[in-house]
Amino acid sequence: MAHLTNPGPFHPSIPRPLHNPASAPAPAAAQPQVHDHVAAPANHNHDHLTSTTQLRTATPGASQALMKSPSATHALIRGDRSAGMLTMSDDHVMMNQILATHTPDGRDVDVRPLLYLVEDILNRATEHVDFIIKGTQAQIEMEEKAQQANYIAMLEALTFTIDRIAIELSYKALRGSDPHATTTAIFSFLSSYAWDAKLVLSLSAFALNYGEFWLLAQIYSTNQLAKSMAILKQLPSLLEHTAPLKPRFNALNTLIRTMMDVTRCVVEFKDLPSMYISPDAPALASAMTLIPTAVYWTIRSMVACATQISSLTSMGHEYGVLATESWELSTLAHKLQNIHEHLRKQLNLCYQHIEEKKDVDTFHMLLKLFDPNVAHMDNMKHLKALIYAGDDKLPLLDGATRRKVGLEVLRRRNVLLLISSLEFSGDELAILEQIYSDTRMHEAGMQSHYEVVWIPVVEHSGVPLSEETRTRFEALRSSMPWYSVEDPLLIEKPVMRFIKEIWHFRTKPILVVLDPRGKVLSQNAIHMMWIWGSAAFPFTSYEEEKLWSKETWQLNLLIDGIDPLILDWIKDGKYIFLYGGDDIEWISKFVASARAVASAFGIPLEMVYVGKSNKREQVKKVAAIIKERKLSHCWEDPAMVWFFWTRLESMMFSKIQLGRADDLDPIVQGIKKLLSYGREGGWAVLSEGSNILVNGHSTTVLPTLVDYVKWRGNVAEKGFNLSFIEYHDQLHNVAHPCCRFEFLATTRAPESIRCPECHRVMEKHTAFVCCHDEQAIPDSLFAS
């Protein structure tokens, strides 16, 4: 590289314009073709520069035209440019010339800080163009990105290179040189740099000239030095005629902003993490073949913009009003926009590829983190991996105080992760809140055994939630007294995949239990919560087995915690009929017959209607009729009906999970029968106190009551209880009602299950069910 001439201590070094010894005619503005192979580099001598004297004498025609009149120079520049745009049609040859100049030496230049500075200059300059044209006084506030970056040392190393390119752009613009030749000369000078560095360095040089132009335009009226310099550049005359120049300024604005778009895009490709995407990835490989073309046409556009500015300052506003000049800028802008769109499309595909790779890595990280064989000091790594790993925001909302809090509040605590979609049943939420509140009241003054955190699973793909989704989320969160994730967008895709694949979340809420060290004690303790509430803590399988060992097939098990009135009946030793169904005619006959039997034998009888496991709206109607006719006690609150059947389903699930689904113990058989009877027709459970006597279908219970005259003779000898049971069992052995269990397609059904009546393995069928109920009760909690 040639050394600068320094005539003396008071004369600055004058960089000389670049010379391209192998300049070729400019190509047409068609899309160039880029091939994977690169031609052998040409022998470009960067030290062969045009001297300052040569600058004045190299093109006497141009110098004479400039001295004679602006219009003559205008014609010369237009003639040179038109020839350059039209004489070369072989884009392949052109790009081979550019590729031949590309001989990078491996230096790694961090161009980001420089790009921040250049963006700031050009953004302010182009905004000032709009300011002058529109005549507004709006204050422009830009983010001072460059000031945040450590770019001083980088500028010291690159200032010479930037100045050289800036002088080349100015000199060749004034001289009226062929734009392709000027562009090729810049590529030759920057041969040792990577494509992104070539582009940012060239854009920096252009910004240096363009920024100086508009800096004078901004301050010339208030600064005498700037005013004198502006007069030399004919700025006052130019700025007095801004209205006619509006098309030119608009075209410049559009092209410059497109140049910045392409530059940012090219730099983004350079910054793609190699650990997540390789050069042979289809999207990246496709983009890399286009980047040389993108860099060429962007620098070529800088040359065109520099020529336009030089022509305005040297020949006055008359030159700027010609529509053909704006047309050339618009043509280049259109070409660059097409290139940018293609690059941006490939870049988005690259980002998608990277995100997929990152998601896989995160998923595997979660698998290792939750490996039960790996011990940890506390649960913070687990919670950060699931909810939010950063320290720049508070990811939780405290339901008690309504304040945002950090994950530290959960350090070394037992944590229950309540995982659900936004389709959270109001009944489920109400019962959970009641259990949670009762537990907190019981633990008043003591540290609670556990903390609950709601993790909403919302498919979002990183885009903002719709207003409807956001409103539904906030409504749910506002009703929760425990901790909740502050924003569903914090839950990333690999976390949702882990929740679904490893913890088997489908659509129903699950409750994952973590101990103070982050170890998973239960992948779904929701069934234990429904059956025993907080008494099931710490919700382990061992604790589940222990709790079942204390249970017997009694009414207390079915009713516990739902209806205090029934518990009072149990204490009083009354006979109790729990019954259900949706056939009001059968219900009326059943109630009348039951009261007749109670009256005949003088037994204290209470009855309560508990509905069905489905057909919610029909159950509401039946309950209203029962209340109106005063047939019996009934649960008017749908949440109580829902909880009764949900607890039964949870019991069934618990037995399945423990491998006890086909045991012949009375609890398993009784649960199976109730769940089956609750699907079809009516049913009834008769108990004395808490001791269950009969668990029967409508086809056997009602005939037993109606035909009491047939077995009343046995009461004196055997007693009421045994006489009722024997007669019912006789009818049952004849009737043998069919049994059926339904599992939602979104839940994990057991591979097989035995009939509670005959103990054979039941047939598996696929069913499509519609209960004409917009708010259907959840059919099952088999979502582990």
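The values are calculated or read from the model by the stated rules, or taken from the named source; none is laboratory data. Quick caveat: nothing in here was measured; it's all calculated off a predicted structure. Note: ideal-geometry Cβ built from the backbone for every residue, glycine included; neighbour counts use all protein chains shown. In case anyone asks, the SASA skips ligands and DNA or RNA and just uses the protein heavy atoms, side chains included. Shrake-Rupley method; radii C 1.70, N 1.55, O 1.52, S 1.80 Å.
What the table below lists for this structure:
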{"read-out": "Filtered residue count, the range 595-641, keeping only those that are closer than 21 Å to K571 by Cα and of a type in the set (D, E)", "value": "1"}
{"read-out": "Residue in the range 189-196 that is open to solvent by 20 Å² or more (accessible area, probe 1.4 Å) and in a helix (DSSP H, G or I) present", "value": "yes"}
{"read-out": "Candidate set from the range 434-465 (those that are in a loop (DSSP other than H, G, I, E, B) and at pLDDT 80 or above); member that is nearest to M480 (Cα to Cα)", "value": "V457"}
{"read-out": "Any pair with Cβ under 7 angstrom, 6 or more apart, that starts in the range 349-367 at a residue that is touching a residue at least 24 places away in the same chain (Cβ under 8 Å) and ends at one that is part of a helix (DSSP H, G or I) and of a type in the set (K, R)", "value": "D359/K493; F363/R497"}
{"read-out": "Pairs where the first residue, in the range 592-614, is hydrophobic (A, V, I, L, M, F, W, C) and the second is outside any loop (DSSP other than H, G, I, E, B) and open to solvent by 50 Å² or more (accessible area, probe 1.4 Å), C-beta under 6 Å, 6+ apart", "value": "V608/H633"}
{"read-out": "Selection count where residues are over 15 Å from I165 (Cβ atoms) and either assigned to a helix (DSSP H, G or I) or touching a His at 6+ places or on another chain (Cβ under 9 Å) (or both), scope the range 197-224", "value": "8"}
{"read-out": "Leading residue by the ranking (nearest to A684 (Cα to Cα)) among those in the range 577-591 that are open to solvent by less than 50 Å² (accessible area, probe 1.4 Å) and in a loop (DSSP other than H, G, I, E, B)", "value": "G581"}
{"read-out": "Elements of type helices (runs of 4 or more DSSP H) contained in the range 508-576, each with 1 or more residues being open to solvent by 20 Å² or more (accessible area, probe 1.4 Å) and either among the basic types (K, R) or at pLDDT below 90 (or both)", "value": "541-549, 564-571"}
{"read-out": "Candidates F206, F189, filtered to the one that is touching a Cys at 6+ places or on another chain (Cβ under 9 Å), under 27 Å from A333 (Cα atoms) and modelled with pLDDT of 90 or more", "value": "F206"}
{"read-out": "Boolean, I167 is part of a helix (DSSP H, G or I) and open to solvent by less than 20 Å² (accessible area, probe 1.4 Å)", "value": "no"}
{"read-out": "Of all residues making up the range 93-109, the number that are closer than 28 Å to G211 by Cα and exposed (fewer than 15 other Cβ atoms within 10 Å of the Cβ)", "value": "1"}
{"read-out": "Filtered residues of the range 243-284 (kept if hydroxyl-bearing (S, T, Y) and not in a helix (DSSP H, G or I))", "value": "S274, Y276, S278"}
